[in-house]
Amino acid sequence: MESSSTPPTRAQASAALAEAEATRAKVAGDVVLPSGFTASIGAAISVQIGTAAIAVGEGALWVLAAGLAVFAVVGGAQLLRFSRSNGVWLGGLVNQVVLGAGFAASWSHAAGLVVALWAALTGQWWLVVVASLAGGTGYALAGRRWMRTYRAAPQEHTRGPSTAWLVVSLLAALSGLILMTLQP
Amino acid sequence: MTPALDPHFVAPARLTLATMLTAVSAAEFSTLREGLQVSDSVLSKHVSALAEVGYVKSRKGVHLGRRTTWISLTAKGRKALSAHVAVLRDLIDGIE
């Protein structure tokens, strides 16, 4: 059992706390995204939006599955690169940057998807491409913004929303897309 | 009644270790060692002491054939650290 017979003086307490907080700031400051991290996530999201739109427009469920597989592979590979190069794991990065649970990322994705789906159903394929690219770009930019927010206050952004919430959201979105794809 | 300092965080290195862990979900042992600038054995001792009271947990992993250890702060550890830091701030501010 640990014990402390004499409490620290004000100066000692201040120094200990300052040292701890400075080290935390350094740890957060040293966290860097591997090159091309947000760009590849954004590109994978563009592919996912585009393939979802094609799947709904053409009624081809396998195209939807292929787009999701591309996103899963790219996201998994980038997270592996991140953890190996930084020696840390950030739940907030997974939720906010890769899975897009943040406000800006989720709205970029949703807006891109809605426009792309409408465009596919009305046969405007050029608009599918534009909406997919715009959705992916917004997603990538939201990821970069989250990293700046994280560095400013790491202790507040480490974890992000709960995994259960994300799983429910993803399942709901996926179910909606599958139902739309299977519509005659 | 005045809240007491948590004896497990009184050592400055343990306070720094736990505070570092609030910035991440988990950190590799070597990352923490470099951040704290201590030897493997010293860090092991601090991690073991905090793990013993349930403030941190560790899990083993493998990277390029090399065994790695990942350390994370538990919910109990996070709560205890917040309480300890609050007492430290009161002490610094001169609040009895």
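FYI, it's all coordinate maths here, none of it is from the lab. Owing to the predicted nature of the structure, the values given are computational and were not obtained by experimental measurement. A quick note on method: Cβ atoms are made from the backbone with ideal geometry, for glycine too, and the neighbour counts reach across all protein chains shown.
How big is chain B along each principal axis, measuring the range of its Cα positions in Å and listing the largest first?
53, 24, 21
Which FRET efficiency value, to the nearest 0.05, is calculated for A:A39 and B:D40 with the Förster distance at 51 angstrom and r the Cβ-Cβ distance?
Once rounded, the FRET efficiency stands at 0.85.
I want to check the label-to-label distance for A:W118 and A:R10. Put each point 7 Å from Cα in the C-beta direction and report it in nm to one decimal.
Those two pseudo-labels are separated by 6.3 nm.
Rank by packing, highest mean first: peptides A:30-39, A:141-150, with packing defined as the count of other Cβ atoms within 10 Å averaged across residues.
So the order, starting with the most tightly packed, is A:141-150, A:30-39.
Taking each residue in B:5-11, count the Cβ atoms of any other chain within 10 Å of its Cβ, then average. What number comes out? Before the final figure, lay out the partial values.
Details: counts 4, 2, 4, 3, 4, 9, 3.
Mean partner-chain Cβ count within 10 Å for B:5-11: 4.
So for chain A, averaging the separation of alpha carbon pairs under 8 Å that are six or more residues apart and normalising by length, what relative contact order in percent results?
That works out to 30 percent.
Rounded to the nearest angstrom and ordered from largest down, what semi-axes does the equivalent ellipsoid of the stretch A:36-182 get from its C-alpha gyration tensor (root of 5λ)?
Details: eigenvalues 153, 43, 37 Å².
Its equivalent ellipsoid spans semi-axes of 28, 15, 14 Å.
At a threshold of 8 angstrom on Cα-Cα distance, excluding pairs fewer than six apart, so keeping six or more, what relative contact order does chain B reach in percent?
35
Got a sec? Which residues in the stretch A:20-45 would a label at A:T149 touch, if it sits 7 Å along Cα→Cβ and we count backbone N under 20 Å?
Residues A:25, A:28-34, A:37-43, A:45 fall inside that zone.
For the pair A:A111/A:L80, report the inter-label distance in nm, with labels modelled 7 Å from Cα in the Cβ direction.
3.4
Test of understanding: ordering B:H63, B:H46 by Cβ neighbours within 10 Å, fewest first, what list do you get?
Least crowded to most crowded, the residues run B:H63, B:H46.
Hey, rough spin-label estimate for B:A4 and B:R67, points 7 angstrom out along Cα→Cβ, what's it come to in nanometres?
Calculated label separation equals 3.7 nm.
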